[in-house]
Amino acid sequence: MSVRIPWDEQEALLLFDTYDKILKNSDKRTDLINALSINLRRRATDNGVSIDEAFRNYAGISMRISEIDKILHPEKSGLTKTSELFRTTAELYSRHRRTFFKQIEELEEYTVKILADLVGFDIYEAVVLLDAYLGINAP
């Protein structure tokens, strides 16, 4: 049985950034969530965190995206018990956008870029993400 690792502030920021991209590119939802999963797993590994196959996987991130949607749109049906971290990040996301985007810029290495910004295919980033997904370390 694996130990559940709580989300941290930077992960929450990256999640909300991805949520924002999903709102702008709803047809890319699956791709965006998969890319975020890879980025969060790579970030954890970069920080020396031991992870398993369930860590920040597609299903878990999808559930968190639904939680964000419920926080930002309380009239919608969905999760009623939400985390304090996500409520705080929602406040930053919705009411302090400049600060939110400044903090996202500091996490640029882990932000979702493939397909999200619709700027074309970046072969280097695709290779980096694939390597991270497969657990291959560059020399």
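Below, the figures for the structure above:
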quantity: Gain on full stretching of the segment that runs from residue 76 to residue 102 - 0.36 nm per residue minus C-alpha separation; calculated: 6.4 nm
quantity: Linear extension gain, residue 24 paired with residue 53, 0.36 nm per residue minus alpha-carbon span; calculated: 7.5 nm
quantity: Total formal charge among the other residues, if their Cβ is under 12 angstrom from that of residue 83, Lys/Arg +1 and Asp/Glu -1; calculated: -1
quantity: Trypsin sites (Lys or Arg not before Pro) within the range 1-53: DSSP coil, no more than 16 neighbouring Cβ in 10 Å; calculated: 4
quantity: The range 1-62 - charge dipole about Cα centre, Lys and Arg +1 at Cβ, Asp and Glu -1, debye rounded to 20; calculated: 140 debye
quantity: Integer Hz, Karplus 6.51/-1.76/1.60 couplings in order for the range 33-41, x for Gly and Pro; calculated: 5, 4, 5, 5, 4, 4, 5, 5, 5
quantity: Loop-located GluC sites (Glu not before Pro) in the range 1-110 whose Cβ has at most 16 other Cβ within 10 Å (DSSP); calculated: 53, 75
quantity: Distance between the range 1-54 and the range 66-111 - C-alpha centres, whole angstrom; calculated: 13 Å
quantity: In sequence order, calculated HN-Hα J values of the range 88-96 (Karplus, 6.51, -1.76, 1.60; Hz; x Gly/Pro); calculated: 5, 5, 4, 4, 4, 4, 8, 10, 9
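Only the coordinates and a few stated rules stand behind these numbers; no lab work does. A quick note: this is a predicted structure, and the numbers were derived from the prediction, not measured. Cβ atoms come from the backbone with ideal geometry, glycine included; neighbour counts cover every protein chain shown.
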